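The values are calculated or read from the model by the stated rules, or taken from the named source; none is laboratory data. Every value quoted in this text rests on a predicted model; they were computed, and no experiment measured them. Every residue, glycine as well, gets a Cβ built from its backbone with ideal geometry; the counts of neighbours run over all protein chains shown. The accessibility values were calculated without ligands, DNA or RNA, using every heavy atom of the protein model including side chains. Shrake-Rupley method; radii C 1.70, N 1.55, O 1.52, S 1.80 Å.
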Amino acid sequence: MKDIPTKYDPAKTEDKWYAYWMNHGFFHSEPDDRDLYSIVIPPPNVTGVLHMGHMLNNTIQDVLVRRARMLGKNVCWVPGTDHASIATEAKVVAKLKEEGIDKSDITREEFLNYAWEWKEKHGGIILEQLKKLGASCDWERTKFTMDDDLSESVIDVFIDLFKKGYIYRGVRMVNWDPQAQTAISDEEVIYKEEKSKLYYVRYKIEGSDDYITIATTRPETILGDTAVCIHPEDGRFIHLKGKKVIIPLVERVSPIIEDEYVDPEFGTGALKITPAHDINDYELGHKHNLETIDIFNDDGTLSEKAILFVGEDRFKVRDLITKELEDKGHLVKVEDYINKIGYSERTDSVIEPKLSMQWFLDMRELSKPALENIMNDTIKIHPPKFKNTYRHWMENVKDWCISRQLWWGHRIPAYYIKGTNEFVVAKNYEDAFQMAKIKAFNLNLKKVELEQDNDVLDTWFSSWLWPISVFDGIRYPENKDIKYYYPTNDLVTAPEILFFWVARMIIAGYEYRGEQPFNNVYLTGIVRDTQRRKMSKSLGNSPDPIELMKKYGADGVRVGMLLCSPAGNDLLFEENLPEQGRNFVNKIWNAFRLVKQWKVNESIKQPEHSKKAIEWFEAKLNQSMQKLDDHYNKYRLSDALMMLYKLFWDEFSSWYLEIIKPAYEKPIDKKTYDATVEFFDKLIKLLHPFIPFVTEEIWHYIKERKDRDSIMISLQPEVKKYDENTLVSFENTKLVVSAIRTIRNDKNIAQKELLALNIRSNGQKHVDDFNSVLTKLTNLSEIRHINEKIEDASSFRVLTTEYYVPLGDKIDKEAELKKLKDELRYAKDFLGSVLKNLGNERFVQNAPGKVVEMERKKQADAETKIRVLEDRIKSLK
């Protein structure tokens, strides 16, 4: 057997074994007759780099994937990246600016060449980083949302939904991102509560010296006002019904309208109406047939329609117009005000409600199966608390604005006939040209008279097809991959994209496959710092995952991430977590080295304590595997890891190895050694999904392996029957061992000095099964059962059994009396609380029978303990 290095070296080990796995094709899958486990990666932005959220998400996926592989399943984990229209275009625009190139000065084709060049240079970084983590993806199946086959699928779906009448084009109020200069969906708007101002401005009544005062948080939009609205039953404004106001500064005469929408309690009870720049005002404008004046350019500066402050930024205008209103006597007062302001999730720019011609997807009918099949648990959400959030979103679903005013992405396949309002939707220019000639009743139509829509589709319009399109199920719905791998088993993602992505994938799944895209949705928490802030580059509170892996090893970081990340709950990350993970890995390594260093003597008879230790740990291992299966089935991966952590550290290392290890420089018997190595083999197989690198290294040290052998394709150990009584007896034995060790420690009695143990049973009998273990661990000269208490002995109790360790002149009677009196006082207080419950008639009548029975057992145990303690105190006096 080759020498095992003193220290485990993650850097050498991780690269070695990942290359081994890749070279042998262990991650690759093809359809066959085995049970299937398939999963698709939530595609990260193609230009992104690994952050802590990716680490958590992909570690969880890899745990599920590796375990499924070790259950003998055909595993397919599809990796890939998302083209991320807004984020990628912003990066390319910024890069071009650094080179002195403005996007507006180049053609679309030139810009796309730069974008593809950027993608090729930066696009593979995050996937390579995932390999460092140990992610066992089927890299041969790597996809990108703008690959030719996926792009064709997106266009096919757009055309199909347009033909079905779900996709339409129209002017609507949208969320406009002035920085990215594109519309974004409602779900991409993040609302933040901020300290703001409420401006009270008075509007002159036409033909009168009277005024009406309104309150607004956005005085800059006064320039686009076309009405003032009052509640029809508000008595304060009866005299103004039917009259008109003069809009300040621009002197526009506009009507006073009445509508029950107005809240008389807000501000002054009078509301300024700007139909072009507020969704509610837009609805009122439509209802009351008001003029709509769009005062903003796409970049958030004021347009010529504003008349004043043209070309100035909207927020600068807020200050300028406030001063102007004050100078001209229109500003009544300004108050502090807390309100919620919408920000673009992508650029963090304040959203501007804006009327715009956009493409929309009607979601009402399409979304029905996606709601029904979550609520009936065809698709299970873990943890289930998110079902209500999902239901609320889906019951209030709005039409999806799917067009974006960008160049990077899937260009909308709509073609406009110049000089008309007509358009056709087609897969390519040639098909569109033939359709346009028919639609325009003009067979002489020239190709130059046909122009494709400049907008691209929302990035989510490609990623909602991801579980289908990665298997080419849109273009070829009967191909072998889609029929075998779909629906996938699990989806691991974050709660914040439950509607963005998860719901939409479910919608697409039922529309294009007639079934769910996955069976389970595992929602991770958000990685936060100890101040509960979300980790981000801007806050400087997010460590570099690659640096963490260099410092603590990939296995150490994986353990650190998972030890405290229950599904759906946030992970409060601090660097002592991966340090704890590294320490665990080192503990496993050192324990293995200890075992492999023992000399084996085949002629030695197996000691009784070793035999009993093996019997106990075999039962403990099977009990743990049974619990482990339950944790996996309930997606409690953090609990699963913690259980294995304690099983190895506490049970195997601290107890089992302590019992069976041979005396210094003495050999071990072969039977015990073989059983111990077998336990090690099973333990590292159970641990492999969580810590793949160190377990592979150790597995190859356990015995000689053949080429193509790997722990990752070996089978998980199977649960066997075990004796529950063995486990109970050993837990009691642990308590006895700990108590005797405490006596030695308290009395300064050396471990080499022999002690005798006397056992006096009171009701519950001491089980002698593990007396050999007791003798080994506590260095006992004898163990005997007695009927009477012993004088001059230190004593303790485990349940109702009394244990005496005769100490002769070693015992300090005063100290022992004090300890026993303290125990007696506690026992009496405990009995008092139990009797209080049992004396409560309502408790006895209403509590479940088992609870009352438990209280009565507590009473009996406490009374027995009190009698024993009183007798012991009496004997020492």
- Message: So, in region 747-767, exactly how many residues are in contact (Cβ under 8 Å) with a residue 12 or more places away in the chain and either among the acidic types (Asp, Glu) or more than 26 Å from LYS611 (Cβ to Cβ) (or both)?
- Response: 6
- Within region 748-773, residues being out of contact with any Asp or Glu (no Cβ under 8 Å at 6 or more places or on another chain), surrounded by 15 or more Cβ atoms within 10 Å (Cβ to Cβ) and among the charged types (D, E, K, R) number 1
- Query: Counting just the residues of region 730-741 that are touching a residue at least 40 places away in the same chain (Cβ under 8 Å) and polar (S, T, N, Q), which one comes out farthest from GLU615 (Cα to Cα)?
  - Reply: ASN732
- Message: Here is a list: PRO79, PRO43. Which entry is surrounded by 20 or more Cβ atoms within 10 Å (Cβ to Cβ), of a type outside the set (Gly, Ala, Ser) and touching a Gly at 6+ places or on another chain (Cβ under 7 Å)?
- Response: PRO43
- Query: Wholly within region 102-220, which strands (runs of 3 or more DSSP E) include no fewer than the required count, namely at least 3 residues that are surrounded by fewer than 15 Cβ atoms within 10 Å (Cβ to Cβ)?
  - Reply: 167-177, 189-205
- Message: Criterion first (out of contact with any helix residue (DSSP H, G or I) (no Cβ under 7 Å at 6 or more places or on another chain), surrounded by fewer than 19 Cβ atoms within 10 Å (Cβ to Cβ) and over 19 Å from SER653 (Cα atoms)) does LYS611 satisfy it?
- Response: no
- Query: Hey, does region 636-644 have a residue that's over 22 Å from LYS587 (Cα atoms), outside any helix (DSSP H, G or I) and touching a strand residue (DSSP E or B) at 6+ places or on another chain (Cβ under 8 Å)?
  - Reply: no
- Quickly run through region 535-551 and pick out the residues that are assigned to a loop (DSSP other than H, G, I, E, B), open to solvent by 40 Å² or more (accessible area, probe 1.4 Å) and not aliphatic (A, V, I, L, M). LYS537, SER538, GLY540, SER542, ASP544
- Determine whether ARG532 is of a type in the set (Lys, Arg) and outside any helix (DSSP H, G or I). yes
- Give me the pairs: first residue in region 777-794 and among the aliphatic types (A, V, I, L, M), second residue assigned to a loop (DSSP other than H, G, I, E, B) and open to solvent by 70 Å² or more (accessible area, probe 1.4 Å), beta-carbon distance under 8 Å, and six or more apart or on different chains, which are they? LEU780/LEU754
- Whichever residue in region 365-387 is in a helix (DSSP H, G or I) and open to solvent by 90 Å² or more (accessible area, probe 1.4 Å) and, among such residues, is farthest from THR459 (Cα to Cα): GLU372
- Message: It is to be established whether one or more residues within region 708-721 are surrounded by fewer than 18 Cβ atoms within 10 Å (Cβ to Cβ), closer than 21 Å to GLU802 by Cα and among the small types (Gly, Ala, Ser).
- Response: no
- Query: Only one of these conditions is not met by TRP589: (1) touching a Phe, Trp or Tyr at 6+ places or on another chain (Cβ under 6 Å); (2) modelled with pLDDT of 95 or more; (3) of a type in the set (Phe, Trp, Tyr); (4) in a loop (DSSP other than H, G, I, E, B). Which number is it?
  - Reply: (4)
- Message: Regarding region 552-559, can at least one residue be identified that is more than 30 Å from SER462 (Cβ to Cβ), open to solvent by 10 Å² or more (accessible area, probe 1.4 Å) and in contact with a Gly (Cβ under 8 Å, 6 or more places away or on another chain)?
- Response: yes
- Among the residues of region 438-461, write down those that are open to solvent by 50 Å² or more (accessible area, probe 1.4 Å), under 21 Å from TYR168 (Cβ atoms) and of a type in the set (S, T, N, Q). ASN454
- Message: Test of understanding: among LEU735, LEU727, which residue is over 30 Å from LYS131 (Cβ atoms), part of a helix (DSSP H, G or I) and open to solvent by 20 Å² or more (accessible area, probe 1.4 Å)?
- Response: LEU735
